Structure formats: C-alpha cells, structure tokens
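See below for the structure under consideration.
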Amino acid sequence: MNYFILGHAAPAAPTGVQWGTIVVTLLTFLILLALLRKFAWGPLKKIMDDRQHAINSDIDNAAAQNKEAKRYAEENKALLQRTQTEVQTILENSKTQAKREHEEILHAANSRANKLVEDAQVEIENEKQRAIADINDRVAELSVLIASKVINKEINEADQQNLVRQFIQEAGDK
C-alpha cells in the first residue's frame, strides 16, 4: 500500500528493530538522568530538606511560643487575682478607717459639746450666785434703810448684814 502525502508518495516504513537508535536514546536518557540528578535533584532535594527543616523549626518555635503565651496568660491571671485581692483589702481597710475616723470625730464633737454645756452651766451658776449676792446686797441695803427709818436709829453695816443673813436663814427654814 502506497500512501500519498500531499501528492507525494510516503517513504516505506523501516522494518525490524533499529538497535542503534535504541542505544543512543537509552544513552541520552541515562546522561539526562545523571545531569538531572547532579544539577536538579541534589539542589532541589537540598532546597526541599532546608524548607522542611525551616518548617519544622517554625512549628517548634510556634509550640514554644504557645507554651510561653499560656504561661504568661497564667501569670497575668494570677497577678490579676492578687491585684483584685489587694484592691479589695485596701477598700475594706479604707472603709474601716473611715468608720473609725467618723466615730472619733463624733466622739470629739460630743466631748466638745458636753464641755461647752458644762462650761455654760458653770457660767450660769456663777452668774446666778452673783445675781443672788447682788440681790442680797440690795435687800440688805433696803432693809437697813427701811429699818433705820422705822426705828429712827442708825445701824452699822455689819449689823445690817447680820440681820439680812438671819432673815434669809429664817426665810429658808420656812
């Protein structure tokens, strides 16, 4: 059978195995494999190994950082708890101190008020005694004046005072 390719007759297909072509192809393939191994596989394998090592190192670092972050979180949580406890203690102490100071201020104010009342009572009593003494002196003067006019005799001041005292004692006994 003759095949025509674009108006030309196709060459006849070779018959049989062409060992030379097979050997050259095989030799070329082996050389190509050796070159690929030397220039492609070695550097590619090294790059892949380095990349795997870097990834494993990153994973280890991430795990270590994760552990460290958890440790810091626990420390922060404990610190926060201690801080809250300290704040609560400070607040309770402040409340207790404020209450104590409030009571001290009230006690001091009550003491001052009581002292003022006592001082005022003493002053009132003193004024009362002065007023009574003044009244007694005036009554004595008036009594002497009245008695001198009634008796028409003159009494000295000492006698007058004795009479007034005697009169007050008698009035007090009744």
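The values are calculated or read from the model by the stated rules, or taken from the named source; none is laboratory data. Keep in mind that this is a model prediction, so the values were computed, not measured. Each accessible area value is taken on the protein alone, full model and side chains, heavy atoms only, with ligands, DNA and RNA left out. Shrake-Rupley method; radii C 1.70, N 1.55, O 1.52, S 1.80 Å.
A few points about this structure:
- Per residue solvent-accessible surface (Å²) - region 73-125, probe of 1.4 Å: 93
- Difference of contour (0.36 nm per residue) and Cα-Cα distance, Val122 to Arg138: 3.4 nm
- Between Glu101 and Ala158, the contour length at 0.36 nm per residue exceeds the alpha carbon distance by 14.4 nm.
- Shape category assigned to region 23-135 from the gyration tensor of Cα positions, a/c cut at 1.5: prolate
- Put Thr25, Thr83 in order of accessible area, highest first, and with a 1.4 Å probe you get Thr25, Thr83.
- Percent accessible area from carbon and sulfur atoms, region 27-77, protein chains only, probe 1.4 Å: 65
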